[in-house]
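Input: a single structure, listed below in structure tokens.
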Amino acid sequence: MTTTIIRHKLYDYIRVADDKKLHSIYNLLENEIEQTNEWWKDKQFTDELDRRYEALENGSDKGVTLTELKTSIDKLREKKYGK
């Protein structure tokens, strides 16, 4: 079973789960959920964001233009979906 199928099955299950099951699922995953929601407390992650920002600001990383980004996304979409 692919990750995408598992995700969809979980989404569907959570949509219809009763309160008791939702609380159980949340309690099982609470620490991970909180870490995901509080990314600004992750020193390593924020340091990486700062490093990338500085590289863009000082010109050592040229980045990509919005047009280049859209073109890249379109190519990936075409490759994956055929259109």
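The values are calculated or read from the model by the stated rules, or taken from the named source; none is laboratory data. The structure displayed is predicted, hence computed values, not measured ones. Surface accessibility is based on the protein's heavy atoms, side chains included, excluding ligands, DNA and RNA. Shrake-Rupley method; radii C 1.70, N 1.55, O 1.52, S 1.80 Å.
Result for the chain in a Gaussian network model with C-alpha springs under 10 Å: among Glu54, Glu34, Glu68, the largest mean-square fluctuation is at Glu68.
The residues Ile14, Ile33, sorted by heavy-atom accessible surface at 1.4 Å with ligands and nucleic acids left out, run Ile14, Ile33 from largest to smallest. For the chain, the longest principal axis of the Cα atoms and the long axis of helix 19-37 meet at an angle of about 20 degrees. Translational diffusion coefficient, Stokes-Einstein: compute it for the chain using the Kirkwood radius over C-alpha pairs as Rh, at 4 °C and 1.567 mPa s, and state it as an integer in µm² s⁻¹. After rounding, the answer is 76 µm²/s.
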